[in-house]
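Beneath this line is the structure, given in structure tokens, with notes to follow.
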Amino acid sequence: MFASPPEDNIDWADVSPSGSLRFLQRAWRLSGDVTSEPGVPAAEGDLELRRATARTLADAAQLVESYRFNVMVARVMELVNATRKAIDSGVGGADPAVREAAETVAILLSLVAPYTAEEMWERLGHEPSVAQAAWPEPDPELLVVDTVTAVVQVQGKVRARLEVSPDVSDADLEAAALADPDVVRFLDGREVRRVIVRAPKLVNIVV
Amino acid sequence: MSEQEQASYDVHAVEAKWQPVWERLDAFRADDAAVLSGRREKRYALTMFPYPSGDLHMGHAEVLALHDVIARYWRLRGHEVLNPMGWDSFGLPAENAAIRNDSHPATYTYANIETQLESMKRYGLAFDWSRRLHTSDPEYYKWTQWLFLKFREQGLAYRKNSPVNWCPQDQTVLANEQVLADGTCERCGAEVTKKELTQWYFRTTAYAQELYDCLDQLQETWIGKVVNAQRNWIGRSEGAHVEFPVDGHEPIRVFTTRPDTLFGATFMVVAADAKLAAELVSDEQRPAYESYLAETRKASDIDRLATDRPKTGVFLGVHATNPVTGEQIPVWAADYVLADYGTGAIMAVPGQDQRDWDFAKAHDLPVVRTVQPPADWEGEAYVGSGPAINSANDEVSLDGLDVDEAKRTIIGWLEEKGLGTGTVNYRLRDWLLSRQRYWGAPIPIIHCPVDGEVPVPEDQLPVELPELRGSDLKPRAPRRWARRRSGSTSAARPAVGRRSATPTRWTRSSTPRGTSSGTCRRRTTPRRSTPPWPRRGGRWTSTSGATSTRCCTCSTPGSSPRCCATWAWSTGTSRSPRTCPRARSSTRAAR
């Protein structure tokens with residue numbers, strides 16, 4: 001699971017159990033460092049960590065459904081690292097976002113390491129079992145983690161820059177470009193003949 | 001690094017702690033009511049059932065862990081996940097162990113199952129243990145037998161006489177894959193021979209095209225090499241059946257994927273062990289043929305198909321007419337053609353087939369090229385594409401046509417002349433399911449001397465195995481089982497002949513367990529502890545309702561007379577053995 005994609009052959013001599021164990025211990029320690037109570041409203045927590053948690057959850061669902069379990073594990077490792085950083089040198093163990101992240105780690109780990117996950121879940125103040133927990137639905141707004149700058153050209157000249165989500169669809173980006181006040185001004189009522197969209201970076205309007 | 005960062009936990013203690021918690025919570029049971037009421041969506045997660053030949057190994061652990069991720073994921077997503085586990089628990093290893101240890105195969109089987117169960121629980125797998133099954137339980141193989149009868153009703157299970165790999169040591173049929181490259185049995189090392197046996201088959205070939213087409217649906221989601229292996233296994237090829245007239249004999253019918261090369265067919269090869277070869281051989285050549293046949297029977301199919309094998313053979317002393325050239329071409333017997341593939345005979349085109357080329361060179365037979373090789377071609381047989389050459393008679397010419405066009409043209413001409421037909425052939429063969437030993441699901445067919453094959457009525461399933469152990473199971477004890485039948489207690493049991501056919505474990509591997517687990521009585525039955533083997537009159541028998549029919553299932557392939565036609569049934573109170581009324585007289589005669 002940790003070693004490679006399921007379809008690959010594995011030479012077990014190359015797989016280090018101690019590496020996996022170290023990771024599991026590291027994940028488990030998070031549960032001891034959470035100082036908030038169960039049920040604390042996560043919305044009041046640190047935004048950066050909340051985004052990392054939401055992104056991990058969304059990605060993990062996709063990765064499991066496409067059988068890319070090793071990548072899923074790698075994403076959980078990243079979340080463990082981010083949470084550790086938040087506890088040690090960031091917002092600290094009392095922040096509700098830290099609890100949310102640690103609970104998410106426990107739930108995700110229950111797919112691959114049920115014993116560690118149960119221990120974490122219990123230390124986080126929950127009744128057993130994590131196997132009966134619900135998969136948390138990430139807040140869609142938290143999934144818009146970054147924006148990128150899309151350049152809008154009219155007749156080959158840059159007329160506007162838009163801050164958009166990296167996941168923006170072609171249609172949404174085109175609509176946003178055509179609605180931009182600067183673009184409207186440069187179009188000056190002329191008929192748009194063609195719009196070339198390369199989301200999320202470029203919109204080229206031909207009149 | 002914080003203080004906490006140093007902390008750790010005791011892995012073994014944690015394992016011991018959680019297993020009882022999961023059991024107490026019944027955490028992985030799929031709730032039928034939640035699904036039936038529409039409250040929760042359902043999912044079915046099914047992984048391979050292990051064969052209980054010892055404890056689990058790393059390969060099991062890997063596969064089970066991967067499966068567990070999926071099952072747990074859907075459970076967290078709010079679905080009721082039907083995630084059963086079972087054991088593919090019939091098979092020869094248990095029988096051999098029983099002979100070694102002078103015990104019952106069930107002892108070995110069910111002890112290993114318990115060992116594997118403990119391992120699975122230690123792995124923390126999310127199986128619904130209320131839906132556990134073993135294919136060797138009568139409650140389960142009742143459904144194996146029921147499915148068999150349904151298949152037979154549809155003509156999808158049938159018996160035929162066919163040469164099979166036979167291990168004289170294990171006294172059993174082997175799949176091609178169980179014969180090693182040196183022609184020995186993978187289990188015991190004995191030299192494998194060929195034997196003509198009447199055996200049960202599943203008609204998998206009826207689904208060859210459907211299976212082939214359905215692989216398209218897996219193209220996106222499955223690993224490419226697996227899908228391709230499946231395609232090659234089915235081995236679809238388009239071609240033609242062509243008839244080569246023989247004086248004083250039926251025409252020899254061959255299948256060829258390259259009817260365009262018919263003008264280059266300079267000799268024919270019949271599988272040495274095909275009936276056809278024995279029919280065709282001339283009196284002068286018969287002694288030579290028969291000594292060659294004896295050699296052939298020792299070789300495995302896999303060996304025989306190896307391209308680097310020396311091309312041996314013997315001339316049968318007869319000629320056939322090439323239908324397009326009108327020439328008389330010699331007919332040979334050889335081992336590189338298999339008796340049960342296609343028609344057991346081929347037209348040999350040495351110009352376009354390397355094995356035919358090797359054979360022609362070894363036996364000084366003529367070669368005619370019918371596809372133009374490239375200018376710089378220095379090889380032997382040319383299997384590539386190119387324009388046809390040397391391919392014309394008075395009525396039809398293929399010269400200059402490419403391979404596909406030449407195929408279409410010659411098939412049209414053959415069909416018009418009534419000399420052949422265009423057709424599709426598959427490498428896939430019907431699935432041999434009989435195994436000539438004890439520890440398998442008895443085939444629920446009575447071999448009645450009067451009525452022939454009589455299916456056991458469905459309401460009298462399962463046909464249970466007789467109780468045999470230790471040396472009773474030894475190969476080369478041909479009459480022992482038949483003797484058991486005459487005992488007062490065993491008379492009511494299936495009088496399974498020494499060579500009665502029980503399916504190989506592949507049969508159960510391909511049984512849709514979902515169906516069976518859904519009706520398995522096990523759920524309402526507390527798990528037994530020890531001994532795990534369903535004792536007669538114990539809890540197991542009582543869960544299977546009234547004791548069912550015991551029938552003769554002996555098929556005694558290759559021997560006659562049929563060893564018995566006794567069948568008996570229980571009326572609930574009495575269990576007196578009965579004899580099939582219509583067969584009574586002949587049964588007595590047989591004794």
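The values are calculated or read from the model by the stated rules, or taken from the named source; none is laboratory data. Keep in mind it's a predicted model, so treat the numbers as computed, not measured. When we count neighbours, we look across all protein chains shown, and the Cβ atoms used for this are built from the backbone with ideal geometry, even at glycine. What goes into the accessible areas is simple: the full protein's heavy atoms, side chains included, and nothing from ligands, DNA or RNA. Shrake-Rupley method; radii C 1.70, N 1.55, O 1.52, S 1.80 Å.
Residue check, B:Ser37 against (1) more than 12 Å from every other protein chain (Cβ to nearest Cβ); (2) touching a residue at least 24 places away in the same chain (Cβ under 8 Å), all met but one. Which one?
Of the numbered conditions (1) more than 12 Å from every other protein chain (Cβ to nearest Cβ); (2) touching a residue at least 24 places away in the same chain (Cβ under 8 Å), the odd one out for B:Ser37 is (2).
For the range B:40-83, what are the residues that are of a type in the set (Lys, Arg) and in a helix (DSSP H, G or I)?
Taking the range B:40-83 as the starting set, the residues that turn out to be of a type in the set (Lys, Arg) are B:40, B:42-43, B:72, B:75, B:77.
Within the range B:40-83, B:Arg72, B:Arg75 meet the criteria.
When you go through (1) touching a helix residue (DSSP H, G or I) at 6+ places or on another chain (Cβ under 6 Å); (2) at pLDDT below 95; (3) open to solvent by 10 Å² or more (accessible area, probe 1.4 Å) one by one for A:Ala82, which number turns out not to apply?
Only one criterion in (1) touching a helix residue (DSSP H, G or I) at 6+ places or on another chain (Cβ under 6 Å); (2) at pLDDT below 95; (3) open to solvent by 10 Å² or more (accessible area, probe 1.4 Å) is unmet by A:Ala82, namely (2).
Would you tally the residues in the range A:113-135 being under 24 Å from A:Leu63 (Cα atoms) and either open to solvent by 40 Å² or more (accessible area, probe 1.4 Å) or away from chain B (no Cβ under 13 Å) (or both)? Full working, then the answer.
Going residue by residue through the range A:113-135, those that are under 24 Å from A:Leu63 (Cα atoms) are A:113-118, A:120-121, A:129-135.
Those left that are additionally either open to solvent by 40 Å² or more (accessible area, probe 1.4 Å) or away from chain B (no Cβ under 13 Å) (or both): A:132, A:134.
The number of residues fulfilling the criteria is 2.
For residues that are surrounded by 15 or more Cβ atoms within 10 Å (Cβ to Cβ) and not in a strand (DSSP E or B), tally how many sit in the range A:162-174. Please lay out each step first, then the result.
So the first thing to find is which residues in the range A:162-174 are surrounded by 15 or more Cβ atoms within 10 Å (Cβ to Cβ), and the list is A:162, A:164-165, A:168, A:172-174.
Those left that are additionally not in a strand (DSSP E or B): A:165, A:168, A:172-174.
Within the range A:162-174, residues that are surrounded by 15 or more Cβ atoms within 10 Å (Cβ to Cβ) and not in a strand (DSSP E or B) number 5.
Out of the residues in the range B:118-139 that are open to solvent by less than 10 Å² (accessible area, probe 1.4 Å) and in a helix (DSSP H, G or I), state the one that is farthest from B:Val69 (Cα to Cα).
Filtering the range B:118-139 for residues that are open to solvent by less than 10 Å² (accessible area, probe 1.4 Å) and in a helix (DSSP H, G or I), the one farthest from B:Val69 (Cα to Cα) comes out as B:Ser119.
Only one of these is of a type in the set (Phe, Trp, Tyr) and either more than 10 Å from chain A (Cβ to nearest Cβ) or open to solvent by less than 30 Å² (accessible area, probe 1.4 Å) (or both): B:Trp22, B:Trp74. Name it.
Details: B:Trp74 fails: either more than 10 Å from chain A (Cβ to nearest Cβ) or open to solvent by less than 30 Å² (accessible area, probe 1.4 Å) (or both).
Of B:Trp22, B:Trp74, the one residue that is of a type in the set (Phe, Trp, Tyr) and either more than 10 Å from chain A (Cβ to nearest Cβ) or open to solvent by less than 30 Å² (accessible area, probe 1.4 Å) (or both) is B:Trp22.
Kindly provide the set of residues from the range B:356-410 that are more than 30 Å from B:Asp335 (Cβ to Cβ) and not in a loop (DSSP other than H, G, I, E, B), ordered by number.
Passing the criteria: B:Ala388, B:Ala392, B:Ser397, B:Asp404, B:Glu405, B:Ala406, B:Arg408, B:Thr409.
When the residues of the range A:47-79 are narrowed to those that are closer than 19 Å to A:Pro96 by Cα and of a type in the set (A, V, I, L, M), which ends up most open to solvent (accessible area, probe 1.4 Å)?
The selected residue is A:Leu47.
Mind checking which residues of the range B:287-319 are outside any loop (DSSP other than H, G, I, E, B) and either touching a Cys at 6+ places or on another chain (Cβ under 7 Å) or surrounded by fewer than 14 Cβ atoms within 10 Å (Cβ to Cβ) (or both)? Working first, answer last.
Initial filter on the range B:287-319 (outside any loop (DSSP other than H, G, I, E, B)): B:287-296, B:301-305, B:313-319.
B:Pro287, B:Glu290, B:Ser291, B:Ala294, B:Glu295 - these are the residues of the range B:287-319 that are outside any loop (DSSP other than H, G, I, E, B) and either touching a Cys at 6+ places or on another chain (Cβ under 7 Å) or surrounded by fewer than 14 Cβ atoms within 10 Å (Cβ to Cβ) (or both).
Let me confirm something: among A:Arg159, A:Arg190, which residue is farther than 30 Å from A:Ser20 by Cβ, among the basic types (Lys, Arg), open to solvent by 30 Å² or more (accessible area, probe 1.4 Å) and part of a loop (DSSP other than H, G, I, E, B)?
Numbers: A:Arg159 fails: part of a loop (DSSP other than H, G, I, E, B).
That would be A:Arg190, the only listed residue that is farther than 30 Å from A:Ser20 by Cβ, among the basic types (Lys, Arg), open to solvent by 30 Å² or more (accessible area, probe 1.4 Å) and part of a loop (DSSP other than H, G, I, E, B).
Would you mind finding the one in B:Gln219, B:Gln209 that is surrounded by fewer than 16 Cβ atoms within 10 Å (Cβ to Cβ) and over 25 Å from B:Gly155 (Cβ atoms)?
On the way: B:Gln209 fails: over 25 Å from B:Gly155 (Cβ atoms).
Result of the check over B:Gln219, B:Gln209: B:Gln219.
Can you tell which of A:Glu37, A:Glu65 is among the acidic types (Asp, Glu) and in contact with a Gly (Cβ under 8 Å, 6 or more places away or on another chain)? Even if it seems obvious, please write down each step before you answer.
Details: A:Glu65 fails: in contact with a Gly (Cβ under 8 Å, 6 or more places away or on another chain).
On inspection, the qualifying residue turns out to be A:Glu37.
I need a count of the residues in the range B:393-411 that are of a type outside the set (Lys, Arg), under 37 Å from the mean Cα position of the chain (by Cα) and open to solvent by 30 Å² or more (accessible area, probe 1.4 Å).
Result for the range B:393-411: 2.
If I ask for residues that are closer than 23 Å to A:Leu142 by Cα, crowded, with 18+ Cβ neighbours inside 10 Å and among the charged types (D, E, K, R), which ones from the range A:12-46 would you list?
Answer for the range A:12-46, where residues must be closer than 23 Å to A:Leu142 by Cα, crowded, with 18+ Cβ neighbours inside 10 Å and among the charged types (D, E, K, R): just A:Asp46.
Which one of these does A:Asp146 not meet: (1) of a type in the set (Asp, Glu); (2) in a loop (DSSP other than H, G, I, E, B); (3) modelled with pLDDT of 90 or more?
Failed condition: (3).
Is it the case that some residue within the range B:151-171 is surrounded by fewer than 16 Cβ atoms within 10 Å (Cβ to Cβ) and within 14 Å of chain A (Cβ to nearest Cβ)?
no
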